Amino acid sequence: MRVLILGGTREARELAHIASGERGFDIVSSLAGRVRAPLLPEGAVRVGGFGGAEGLRAWLAADETAAIVDATHPFAAAISANAAAAAHASGVPLVHLRRPRWVERTGDRWVRVPDLPAAAREAAALGERVFLTIGRQGVDAFAGSVRQWFLIRAIDPPEGALPPRHEVLLARGPFAVEGESRLLAEHRIDVLVTKDSGGDQIEAKLAAARAAGIPVVVVDRPPLPEGAPIVESPEQALNWLRDRRTRR
């Protein structure tokens, strides 16, 4: 059974690992190619876009793909939309694999916002020194914040315009609470901005902010396309694939 995993996340790599080791699956992982040195999953890998929903539909037909697992980042809305459209057009079953959202705990001072422009407005009202942890895309939403200073952390250098007062820190998780607490203190951070990416690899910053009493601006995830099931772990995705294989 030929399976396409739209990946780039730890969950995608874990699914590729456990599914590749099971008889009856032929796994191909696809990476968007936006990270310069991606962590590669086990098995066959393709890198780069498909050319939108129609390009993906054509690729599915040519590759004789029997199922798609959308295990992309929770904020990769365009890729998820293309996957849903291509799956519907081609009749190939699709499942979305999304890690659970972060849950606010006692002591947290969260402000949830719908998008990055709203996050920039809230951060401007909450503090002067901002720890910006939204990845390399979307930083330009904060370019007009001339009063604040930003510590911008990303795996690769951020794209687009940057706020005039900033420092870029290139780093890849996982991060430890102790290190995050030290970072907040050394840079005198008084507000944290993050996307609700979920997962435990970068959750340490939330614990550090909680301990320091620092407010956190949390950008909500975009909604997933309707019509396909959603699972929260590689094991659940594998069970879904097993069920599809049984039905063939």
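The values are calculated or read from the model by the stated rules, or taken from the named source; none is laboratory data. Given the structure is predicted, the values throughout are model-derived calculations rather than measurements. For neighbour counting, all protein chains shown are included, and Cβ atoms are generated from backbone atoms with ideal geometry for every residue, glycine included. These accessible areas exclude ligands, DNA and RNA; they are computed on the full protein's heavy atoms, side chains included. Shrake-Rupley method; radii C 1.70, N 1.55, O 1.52, S 1.80 Å.
Ordering 169, 40, 94 by how much accessible area each has at a 1.4 Å probe, largest first, what is the list?
40, 169, 94
Mean residue ellipticity at 222 nm from the helices of the chain, using -39,500 (n - 2.57) per DSSP H segment of n ≥ 4 over the full residue count, to the nearest 500 deg cm²/dmol?
Computed ellipticity for the chain at 222 nm equals -10000 deg cm²/dmol.
Please arrange 217, 47 by accessible surface area, largest first, computed with a 1.4 Å probe and ligands excluded.
Greatest to least solvent exposure: 47, 217.
Do any GluC sites (Glu not before Pro) in region 1-105 lie in a loop, going by DSSP, with at most 12 other beta-carbon atoms within 10 Å of their beta carbon, and if so which?
Listed in order of number, the matching sites are 22, 64.
Could you compute the FRET efficiency for residue 101 and residue 26, with r as their C-beta to C-beta distance and R0 at 35 Å, rounded to 0.05?
For residue 101 and residue 26, the calculated efficiency is 0.65.
Which percent of the accessible area of the chain is formed by carbon and sulfur heavy atoms (probe 1.4 angstrom)?
51
Which percent of the Cα-Cα distances in region 110-219 go past 17 Å?
46
For the pair residue 230 and residue 36, how long in nm is the line joining their label points, each one 7 Å along Cα→Cβ?
3.4
Send over a whole-number figure in Å² for the accessible area per residue of the chain, probe 1.4 Å.
Using a 1.4 Å probe on heavy atoms only, each residue of the chain averages 47 Å².
Grab the beta carbon distance between residue 129 and residue 47, set R0 = 35 Å, and tell me the FRET efficiency rounded to 0.05.
The calculated FRET efficiency here is 0.40.
Within region 1-90, which trypsin sites (Lys or Arg not before Pro) sit in a loop by DSSP and count at most 14 neighbouring Cβ atoms inside 10 Å?
Qualifying residues, ordered by number: 23, 36.
Per-residue HN-Hα couplings for region 54-62, Karplus 6.51 cos²θ - 1.76 cosθ + 1.60 at θ = phi - 60°, whole Hz, x for Gly and Pro?
5, x, 5, 4, 5, 5, 4, 5, 5
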